[in-house]
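These notes concern the structure reproduced below.
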Amino acid sequence: MALTFPAPLPSMSFTRTEFWLEHQQSTSLTGGGNPAAASLAPPLWRARFQTPRLGDADAGTWTAWISALRGGLRMFKGVPRRWPITYPAGFAGLTVGGSPFSGSGSISAIATSRDQISISGLPAGFVLQAGDYLSVPSASRQLLHLVTESGTANGSGVASVSIEPVLRQGITTGAAGLAASPWCEMVLIGSPVVARDTLRLGTLQFEGRQVLI
C-alpha cells in the first residue's frame, strides 16, 4: 500500500525522543539593562528521534521511510508520546458513556488568553498531567500543545488545563482534542545519522521541524 503524507512513524519504539518549542523572537536589552523580547512569528516544535538498535528488517523499513520523505519535501507525523503520563499502557478499561474511550475529547471552553482550555468527553477522573501533549486540528494542519498545568476530569468528564503554545485564532469550541498519539506535521531537517556496528545492528537519528503553512 502506498504511503500517505504526512507519513506516520514506522514505530514508536525510540531510545530517545525530544520535543521542544523554538520561539521566533527578537531580543535586546534596554538602556537600563532590562530584557526586551518580541515574537516575530508563532513558535515551532522541533524534535529529535533516536531508534533502538535495529536488525536488517527494521533498518530497511526505517531507511525506506526516510527516503520516501525526499529530504524536506514531504511531511511526517511528529508524535512526542503515544500515551499520557498517567496511562503508559493506554486507555484499556476507561469508558465514556459506556463505550471505550477513544483518546479524543472536545474543546468546550477557551480562556480569553487562549492558554487555558476545558476539554469534555473524557472519562470521569481522567488525568491530564503537566508534561502531557494534546493535538488540535486547525484548517489543514494538526497543532501540538504541551499541558503546562494539570487537570482532572470531573464527574461530567470535563477537565481544565493550561497549554503552550497558545491556541491559534480560528480554533473554536467543538474542536477535537487528541490525547492518544497527539501529533503535528513535520519535515526532516539536516541529514539523518545512521550508525552500524560489526553485528550488523544499527541506530537511526533524525530531526524534524513543525510545518504550519
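A few points about this structure:
- Criterion (among the hydrophobic types (A, V, I, L, M, F, W, C) and either closer than 30 Å to residue 195 by Cα or buried (at least 20 other Cβ atoms within 10 Å of the Cβ) (or both)) met by exactly one of 119, 110: 119
- Screening the candidates 74, 81 for the property of being of a type in the set (D, E, K, R), over 24 Å from residue 131 (Cβ atoms) and either in contact with a Pro (Cβ under 8 Å, 6 or more places away or on another chain) or open to solvent by 60 Å² or more (accessible area, probe 1.4 Å) (or both) yields one hit, 74.
- Residue identified as touching a Cys at 6+ places or on another chain (Cβ under 6 Å) and either closer than 30 Å to residue 195 by Cα or in contact (Cβ under 8 Å) with a residue 40 or more places away in the chain (or both) among 78, 71: 78
- Considered as a group, the residues in region 26-45 that are open to solvent by less than 90 Å² (accessible area, probe 1.4 Å), without any contact (Cβ under 8 Å) to a residue 40 or more places away in the chain and of a type in the set (A, V, I, L, M, F, W, C) include one that is farthest from residue 82 (Cα to Cα), and that residue is 36.
- Scanning region 168-197 for residues that are touching a residue at least 60 places away in the same chain (Cβ under 8 Å), out of contact with any Leu (no Cβ under 7 Å at 6 or more places or on another chain) and not charged (D, E, K, R) yields 171, 172, 173, 174, 175, 176, 180, 181, 186, 187, 189.
- Residues of region 1-25 that are open to solvent by 60 Å² or more (accessible area, probe 1.4 Å) and in a strand (DSSP E or B): 16, 20, 23, 24, 25.
- Condition check for residue 140: under 18 Å from residue 46 (Cα atoms), surrounded by fewer than 22 Cβ atoms within 10 Å (Cβ to Cβ) and modelled with pLDDT under 95: no
- Breaking point among (1) modelled with pLDDT of 95 or more; (2) assigned to a helix (DSSP H, G or I); (3) of a type in the set (S, T, N, Q), for residue 61: (1)
- Hey, residue 86 touching a strand residue (DSSP E or B) at 6+ places or on another chain (Cβ under 8 Å), assigned to a strand (DSSP E or B), open to solvent by 50 Å² or more (accessible area, probe 1.4 Å) and hydroxyl-bearing (Ser, Thr, Tyr) or not: no
- Of the strands (runs of 3 or more DSSP E) lying entirely inside region 105-213, those containing at least 1 residues that are more than 15 Å from residue 79 (Cβ to Cβ) and hydroxyl-bearing (Ser, Thr, Tyr) are 116-120, 133-138, 141-149, 159-164, 184-196, 202-210.
- Test: residue in region 94-104 that is among the aliphatic types (A, V, I, L, M), in a strand (DSSP E or B) and in contact (Cβ under 8 Å) with a residue 24 or more places away in the chain: yes
The values are calculated or read from the model by the stated rules, or taken from the named source; none is laboratory data. The structure displayed is predicted, hence computed values, not measured ones. When we count neighbours, we look across all protein chains shown, and the Cβ atoms used for this are built from the backbone with ideal geometry, even at glycine. Keep in mind that these areas ignore ligands, DNA and RNA; they rest on the heavy atoms of the full protein, side chains included. Shrake-Rupley method; radii C 1.70, N 1.55, O 1.52, S 1.80 Å.
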